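A.B. asks: Below is one structure. I have some questions about it.
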Amino acid sequence: MRVLKEFSLSKNEACLVNIVLIVFAVAMFINGLLMLLNEFIIVGIVQLILVLFSLASMAVLRMTYKKESVIIADNTAQTSESKSESVRDDASALEATLRRLKAEIYEREKRETLIRESEERFRSLVESSPNSIILTDSDGYIRIINKQTEVLFGYQRHEIIGKTIETLLPDRYRANHFGYRSDFYQHPQIRPMGVGRDLYGKHKEGCEIPVEIGLTPIKSQDKLMVLSTIVDITERKKNEEKLMQKNEELAKFNEELKSRTAQLIQSEKMSALGTLIAGVAHELNNPITGILNYSQYCRKNIPSDGKLAEVLDDLVVEAKRCADIVKNLLTYSYFSTGKNEKTTDVSTDLNEIIKRIRNLFANLLTDVTVHLSIENNLPPLRIQPNKLQQVVSNIIKNSIDAMENQEKKEIIIKAFRDKTYCNLVIEDTGMGIKADDFSKIFDPFYTTKEVGKGTGLGLSVSKSIVEEYNGEITLESEVGKGTRFYVKLPLNN
Amino acid sequence: MKKKILVIDDEKAVRNSFLLTFENSPCMVDTAESGMEGLEKLQKDRYDLIVLDLKMPQMDGVETLRHIRKLDPAVLVYIFTAFHRDYFMQLDKAVKEGLSFEIVQKPLDSDQLHQLVYSILSI
């Protein structure tokens, strides 16, 4: 149809061709007749044929033109009969087209409104979110952020959009993040980020923000984008830390409570034991005084040679041991019953006490060299003289026993002051104490001495007394070489 | 002149210990079985040192000390005690009342008694 239309003739052109053909045919017909009359028969026949051909051409032309007018709805080519019909058709087609276009416009507007509304809803949803929301493209570039992201990270929209998401990460996480990112694109699914890891974001000013991140893959125009929802958990972290701290405190408190309870039970036991010991020891005190002094009196009043003197010497030694045991038991019970009210303490001169002890142990110290190094002008100590004597004499007694089988028998007593303490160091060349026994050495009734040699109370009593005066007693020892006791007594207690 | 010691103790063993220890010594020991007896002796005589027991029937050591101080505010008094806290509580009372005394822990053997007494009395 189109070909035809392109080669078709206008109305005027068709008329013109018809006229030419008619003139040509008439001329040929007259000329042919003349030729026949003049006996040019062949030429005359040919001319008549040409006339027929012209007539035929005219007929063909006419037919073709009519057909064309019917088929093509072209106003210019319409014939006068079909014109009104064609106009009517055109009008209705136009109306239909108009309706269709209107419907299309309406549909499009409706769709656009819906899209606009949806976009607005999306924007307001994203903007009003209390959490930071970031949309990144498949290359990790930030495309959309909301207000909360600006607040959380300190960037303005124009500063961060177009940057990679790694901009918002602390430096130490950046290197690994590329890997995590590509993992996500390989298995895109809605999931929390970094399960089991502590996540941090980086504020524009450099500080780190503890966060929780949810990842949602979004397909947009065949491209995968990621919607990250970021929750600031600073407050929660703080609360968690507080809670953890409280828990630790609670656990510590619980432990303390347990140990206090154990201590209380222990001290109750010791208190009961102390009361019992006190009662027994007290009852034994006076008879032992008698036995001791009677036997000493007897020994003094018989000749030194002979079996009797020997037996009496032994009796004195054993009675003295009894006296010592009773004394220690009483002191121990005094401390173990707990509520030991402080008596008025007097000023005690350490030199004096050491002199007393040396006298007391004179017979035991005969083969022991005692070195004294007492600092001059040592201030008097606020402690009962007998208690200080007991502290020192128990340590010295321990030293004497420890040196029993040693070749070298030496005791060095040093006393000096520092800012807050009077320090007393008592060193011996005894057999020493094993490190394992260090903690037990001050326990009541603990002894490494053979049965009958010690009650195991001496050092525990010394410790109790020192602690009563807010002091400290510690030791250093080397097996085979000796032991060094350190007593620290506060200068102003 | 011999120094005079008065031992006030209800325990015979203690009294005898002093008597035997200071036999033939520069000290002369006098004894009393109770606080009352001790005070009677103190009214009659003068002593350089009084050794006093704390736990006695009827009149205890602190009560006896109170009376001693009324009779002789200057005499040296040594209280022999077993160092039990009950006794310390009693002694605290005495200290608060301003009664002067010294404490010695029992038991003592004769060497220790010698030493103690001689050093107190500067013999």
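A.B. asks: Right, A:SER373: buried (at least 17 other Cβ atoms within 10 Å of the Cβ) and at pLDDT 85 or above or not?
C.D. replies: Working: buried (at least 17 other Cβ atoms within 10 Å of the Cβ): no; at pLDDT 85 or above: yes.
So A:SER373 does not fit the description; no.
A.B. asks: For the stretch B:48-93, give me the residue count where each residue is facing chain A (nearest Cβ under 10 Å) and at pLDDT below 90. Before the answer, list the steps.
C.D. replies: So the first thing to find is which residues in the stretch B:48-93 are facing chain A (nearest Cβ under 10 Å), and the list is B:53, B:55, B:80-89, B:91-92.
Retained after the next criterion (residues that are at pLDDT below 90): B:55, B:80-89, B:91-92.
Result for the stretch B:48-93: 13.
A.B. asks: Residues being open to solvent by 20 Å² or more (accessible area, probe 1.4 Å) and in contact with a Gly (Cβ under 9 Å, 6 or more places away or on another chain): count how many of those fall in the stretch A:125-160.
C.D. replies: Within the stretch A:125-160, residues that are open to solvent by 20 Å² or more (accessible area, probe 1.4 Å) and in contact with a Gly (Cβ under 9 Å, 6 or more places away or on another chain) number 3.
A.B. asks: Considering only residues of the stretch A:295-314 that are assigned to a helix (DSSP H, G or I) and more than 10 Å from chain B (Cβ to nearest Cβ), which is farthest from B:LYS106 (Cα to Cα)? Before the answer, list the steps.
C.D. replies: Let us first name the residues in the stretch A:295-314 that are assigned to a helix (DSSP H, G or I), namely A:295-300, A:307-314.
With more than 10 Å from chain B (Cβ to nearest Cβ) added as a condition, the list becomes A:307-314.
Numbers: A:LYS307: 30, A:LEU308: 28, A:ALA309: 26, A:GLU310: 26, A:VAL311: 25, A:LEU312: 22, A:ASP313: 21, A:ASP314: 21 Å.
Filtering the stretch A:295-314 for residues that are assigned to a helix (DSSP H, G or I) and more than 10 Å from chain B (Cβ to nearest Cβ), the one farthest from B:LYS106 (Cα to Cα) comes out as A:LYS307.
A.B. asks: Has the stretch A:174-188 got at least one residue that is of a type in the set (D, E, K, R) and in contact (Cβ under 8 Å) with a residue 40 or more places away in the chain?
C.D. replies: The first filter runs over the stretch A:174-188 and keeps only residues of a type in the set (D, E, K, R), leaving A:174, A:181, A:183.
Next, only the ones that are in contact (Cβ under 8 Å) with a residue 40 or more places away in the chain stay: A:181.
Yes - at least one qualifying residue is present in the stretch A:174-188.
A.B. asks: Given B:LEU19, B:LEU39, B:LEU99, which one is on the phi < 0 side of the Ramachandran plot, of a type in the set (A, V, I, L, M, F, W, C) and open to solvent by 40 Å² or more (accessible area, probe 1.4 Å)?
C.D. replies: Details: B:LEU39 fails: open to solvent by 40 Å² or more (accessible area, probe 1.4 Å); B:LEU99 fails: open to solvent by 40 Å² or more (accessible area, probe 1.4 Å).
From the options B:LEU19, B:LEU39, B:LEU99, the qualifying one is B:LEU19.
A.B. asks: Report, ordered by the first and then the second residue, all pairs with beta carbons closer than 6 Å, sequence separation of six or more or different chains, a first member in the stretch B:52-66 that is over 21 Å from B:VAL29 (Cα atoms), and a second member that is modelled with pLDDT under 90 and surrounded by 17 or more Cβ atoms within 10 Å (Cβ to Cβ).
C.D. replies: B:VAL62/B:GLN90; B:VAL62/B:ALA94
A.B. asks: Quick one: what pairs do we get from the stretch A:226-238, first residue free of Cβ contacts under 8 Å to residues at least 60 places away in the same chain, second assigned to a strand (DSSP E or B) and of a type in the set (Val, Ile, Thr), C-beta under 7 Å, 6+ apart or different chains?
C.D. replies: Qualifying pairs under 7 Å: A:ILE233/A:VAL211; A:THR234/A:ILE209.
A.B. asks: Right, another one. In the stretch A:367-391, what residues are more than 18 Å from A:ASN492 (Cα to Cα) and within 14 Å of another protein chain (Cβ to nearest Cβ)?
C.D. replies: Those that are more than 18 Å from A:ASN492 (Cα to Cα) and within 14 Å of another protein chain (Cβ to nearest Cβ): A:ASN386, A:GLN389, A:GLN390, A:VAL391.
A.B. asks: Another question, if that's okay. Of the residues A:LEU152, A:LEU125, which single one is out of contact with any helix residue (DSSP H, G or I) (no Cβ under 8 Å at 6 or more places or on another chain) and in contact (Cβ under 8 Å) with a residue 40 or more places away in the chain? Before you say what the answer is, go through the steps one by one.
C.D. replies: Working: A:LEU125 fails: in contact (Cβ under 8 Å) with a residue 40 or more places away in the chain.
Only one candidate passes the filter, namely A:LEU152.
A.B. asks: Scan the stretch B:104-123 residue by residue and report those that are hydroxyl-bearing (Ser, Thr, Tyr) and closer than 16 Å to B:LEU19 by Cα. Break it down into steps so the answer makes sense when it comes.
C.D. replies: Going through the stretch B:104-123, the residues hydroxyl-bearing (Ser, Thr, Tyr) turn out to be B:110, B:118-119, B:122.
Hits for the stretch B:104-123 are B:SER110, B:TYR118.
A.B. asks: Would you mind telling me which numbered condition in (1) more than 16 Å from B:LEU121 (Cα to Cα); (2) over 11 Å from the mean Cα position of the chain (by Cα); (3) among the β-branched types (Val, Ile, Thr) B:THR21 fails?
C.D. replies: Of (1) more than 16 Å from B:LEU121 (Cα to Cα); (2) over 11 Å from the mean Cα position of the chain (by Cα); (3) among the β-branched types (Val, Ile, Thr), only one is false for B:THR21: (1).
A.B. asks: For B:SER34, indicate whether it is among the hydroxyl-bearing types (Ser, Thr, Tyr), more than 8 Å from every other protein chain (Cβ to nearest Cβ) and closer than 29 Å to A:ILE325 by Cβ.
C.D. replies: Details: among the hydroxyl-bearing types (Ser, Thr, Tyr): yes; more than 8 Å from every other protein chain (Cβ to nearest Cβ): yes; closer than 29 Å to A:ILE325 by Cβ: no.
In short, no.
A.B. asks: Then there's this: Answer with yes or no whether A:LEU292 is within 11 Å of chain B (Cβ to nearest Cβ), open to solvent by less than 80 Å² (accessible area, probe 1.4 Å), closer than 19 Å to B:PHE22 by Cα and touching a residue at least 24 places away in the same chain (Cβ under 8 Å).
C.D. replies: Values: within 11 Å of chain B (Cβ to nearest Cβ): yes; open to solvent by less than 80 Å² (accessible area, probe 1.4 Å): yes; closer than 19 Å to B:PHE22 by Cα: yes; touching a residue at least 24 places away in the same chain (Cβ under 8 Å): yes.
So A:LEU292 fits the description; yes.
A.B. asks: Now a separate question. Could you list, in sequence order, the residues of the stretch B:39-74 that are outside any helix (DSSP H, G or I), basic (Lys, Arg) and within 18 Å of B:MET89 (Cα to Cα)? Before the answer, list the steps.
C.D. replies: Taking the stretch B:39-74 and keeping what is outside any helix (DSSP H, G or I), we get B:45-60, B:72-74.
Going one step further and asking which of them are basic (Lys, Arg), we end up with B:46, B:55.
Correct list: B:LYS55 only.
A.B. asks: Taking the stretch B:1-31 as the search range and keeping residues that are of a type in the set (Ser, Thr, Tyr) and within 13 Å of another protein chain (Cβ to nearest Cβ), which one is farthest from A:GLN296 (Cα to Cα)? Let's see the steps before the verdict.
C.D. replies: Going through the stretch B:1-31, the residues of a type in the set (Ser, Thr, Tyr) turn out to be B:17, B:21, B:25, B:31.
Filter again for within 13 Å of another protein chain (Cβ to nearest Cβ), leaving B:17, B:21, B:25.
Working: B:SER17: 9, B:THR21: 8, B:SER25: 15 Å.
Among those that are of a type in the set (Ser, Thr, Tyr) and within 13 Å of another protein chain (Cβ to nearest Cβ), it is B:SER25.
A.B. asks: A further question on this structure: Of the residues that sit in the stretch A:464-476 and are of a type outside the set (A, V, I, L, M, F, W, C) and within 45 Å of the chain's Cα centre (by Cα), which one is surrounded by the most Cβ atoms within 10 Å (Cβ to Cβ)? Walk me through it before giving the result.
C.D. replies: Within the stretch A:464-476, the subset of a type outside the set (A, V, I, L, M, F, W, C) is A:464, A:467-472, A:474, A:476.
From what is left, the residues that are within 45 Å of the chain's Cα centre (by Cα) are A:467, A:470-472, A:474, A:476.
Numbers: A:GLU467: 13, A:ASN470: 11, A:GLY471: 21, A:GLU472: 14, A:THR474: 13, A:GLU476: 14.
The extreme case among them is A:GLY471.
A.B. asks: Give all pairs with beta carbons closer than 7 Å in which a residue from the stretch B:91-118 that is more than 30 Å from A:ARG358 (Cβ to Cβ) and part of a helix (DSSP H, G or I) meets a residue that is of a type in the set (S, T, N, Q) and open to solvent by less than 20 Å² (accessible area, probe 1.4 Å); count only pairs at least 6 apart in sequence or on separate chains.
C.D. replies: Correct list of pairs: B:ASP92/A:THR343.
A.B. asks: Being in contact (Cβ under 8 Å) with a residue 40 or more places away in the chain and farther than 20 Å from A:GLY480 by Cβ is the filter here; which residues of the stretch A:393-418 pass it?
C.D. replies: A:ASN394, A:LYS397, A:ILE413, A:LYS414, A:ALA415, A:PHE416, A:ARG417
The values are calculated or read from the model by the stated rules, or taken from the named source; none is laboratory data. Quick caveat, the model's predicted, so the values are computed rather than measured. Every residue, glycine among them, receives a Cβ derived from its backbone with ideal geometry; neighbour counts consider all protein chains shown. Note: accessible area is taken over every heavy atom of the protein model, side chains too, but ligands, DNA and RNA are not part of it. Shrake-Rupley method; radii C 1.70, N 1.55, O 1.52, S 1.80 Å.
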